[in-house]
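Take a look at the structure below.
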Amino acid sequence: MKKSLLVFAIAMAFLTNSYGEDIFTTKESIILGITQGATEFLPISSTGHLILVDQFLLDHKPSPLSGADDSKALKAQAKNAYFVIIQFGSMLAVLFLYRRRFTNMFLGLFGHNHHGRNLMFNLIASFLPAAMLGPFIGGWLKVLYHALPVAIALIIGGIVMLRIEKSYHKRLMKGYGKIDNLTFTKSFFIGLWQCLAFIPGTSRAMTTIIGGYQCGLRRSEAAEYSFLLGFVTLSAATAYEFVKDFDIIFLHFSPRTFLLGISVACLSSMVAIKFLISFIARNGMIVFAWYRIILAIFVLCGLSRQCA
C-alpha cells in the first residue's frame with residue numbers, strides 16, 4: 001500500500017510539471033477529477049456537478065458555452081469532451097473493485113461461468129438503448145449544458161427519487177432481488193431508464209438504480225448493477241468522445257491535464273462506490289433526493305443574483 005501511494009505521488013508530481021497552457025489549471029483539473037469521481041456513482045449527476053463547478057467555482061472566465069465566436073465555441077466543445085473523457089477514471093475504479101465480476105464474464109465467454117455469461121449479455125442489453133440513441137441525440141442535448149437546465153433536472157430527479165423510494169418495498173418481489181436473476185428483457189428496461197441520463201443534471205446512477213428498483217432488484221444489487229453498467233457506458237462514451245473530438249481536445253489540453261483528472265477521478269470513485277453500497281442498502285436514495293432539491297434551489301438563487 002505504501003509503495004502504491006509513493007508511485008502515485010511521484011506520478012502526480014510528474015504530471016503537474018508539464019509545460020503548455022490548458023483551459024484548466026492543475027488545481028482546476030484536480031477539483032474536476034474529485035467532482036467527477038465523487039459524483040459519478042452517486043444519484044446526483046456527475047455531469048451536472050461538473051457544469052456547476054465550472055460555472056460557479058473555477059477561477060477562470062465564465063463558461064464559453066454562451067459565446068458566439070468560433071474560438072469560444074471550440075473551447076466549449078473541448079470542455080464538454082473533457083467532462084466525458086475523465087470518466088475513464090471512474091471506469092477504472094469499477095474495473096478494479098469488481099474485478100471478480102469481470103473475470104466471471106470473461107470466463108463466461110468460453111462457457112466456464114454461467115452467471116458471468118448471463119451478466120455480460122444483460123449488460124449488453126442494458127447498454128443497447130443508449131448506444132442506439134446516443135449518436136442521434138447526444139449532440140443537440142449539449143445546448144442544455146448550462147446551470148439552469150441542470151437545476152431543473154436536479155429538482156425533477158429529486159422528486160422522482162422520493163416517489164420511487166416511497167414505493168420501493170411494494171416493488172421488491174420475493175426471491176428476485178439479485179443481479180443473477182435479471183432477465184434480458186428486464187435488463188433492456190433498465191437501459192431505457194439510463195437514456196434519461198443524456199439530459200445533464202439527471203444522473204446515470206439515479207436512472208439505472210431506479211430501473212433496478214422497477215425490476216425488483218434490492219437496493220445494494222441495483223447500485224452494483226448501476227456500477228457495472230456504468231463501466232460499459234462510460235467506456236463507450238469516452239472512446240466515442242475521444243475519437244470525435246480528438247483534434248479539438250489536444251488543441252486545448254495537454255496529456256497532463258487529462259491524466260491528472262482521470263487519476264483523481266479514479267481514486268475518488270473508489271471511495272464513492274464503497275460508501276454508496278453500504279449507505280444505499282440501509283437508507284435508500286432519500287438523502288440524495290433532498291440534496292438534489294436543495295442544491296438546485298441554491299443554483300437558482302445564484303443565477304437570479306447574476307441576472308440582477
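No value in this document is a laboratory result; all are computed from the given coordinates. None of the values given here were measured: they were computed from a predicted structure. Methodologically, a virtual Cβ is constructed for each residue, glycine included, from the backbone with ideal geometry; neighbour enumeration extends over all protein chains shown.
Structure values in brief
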item	result
Computed FRET value (nearest 0.05) for Val243 with Leu97, which takes r as the C-beta separation and R₀ as 30 Å	0.65
Length gained when the stretch Ile159-Trp140 is fully extended (0.36 nm per residue, less Cα-Cα span)	4.3 nm
Whole-number Å³ per residue for the convex hull built on Cα positions in the range 113-245	99 Å³
Table column - 3J(HN,Hα) (Hz), the range 98-110, Karplus curve with 6.51, -1.76, 1.60, x for Gly and Pro	10, 4, 5, 4, 5, 5, 4, 5, 4, 5, x, 4, 9
Neighbour-count order for Thr39, Thr25, Thr208, fewest beta carbons within 10 angstrom listed first	Thr25, Thr39, Thr208
Distance histogram in 20 Å bins (all Cα pairs of the chain, percent per bin)	33, 58, 9, 0
With eigenvalues of the C-alpha gyration tensor scaled by 5 and rooted, the range 189-303, Å	27, 19, 16
Pairs of Lys in the range 97-224 closer than 27 Å at Cα, counting only those 8 or more apart or on different chains	7
Segment Thr25-Ser254, extension gain: residue separation times 0.36 nm, minus the distance between their alpha carbons	81.4 nm
Residue-wise HN-Hα coupling along the range 260-274, computed from phi with Karplus coefficients 6.51, -1.76, 1.60 (Hz; x: Gly, Pro)	5, x, 5, 5, 5, 4, 4, 5, 5, 5, 4, 5, 5, 5, 4
Proxy reagent accessibility, fewest Cβ within 10 Å first, across Asp180, Asp54	Asp180, Asp54
Computed E for Ala131/Lys274 - FRET, C-beta separation, R0 41 angstrom, nearest 0.05	0.90
Gaussian network model of the chain, Cα within-10 Å springs - most flexible of Ala205, Ala223, Ala73	Ala73
FRET efficiency estimate (nearest 0.05) - Cβ-Cβ, Ser235 to Phe110, R0 30 angstrom	0.90
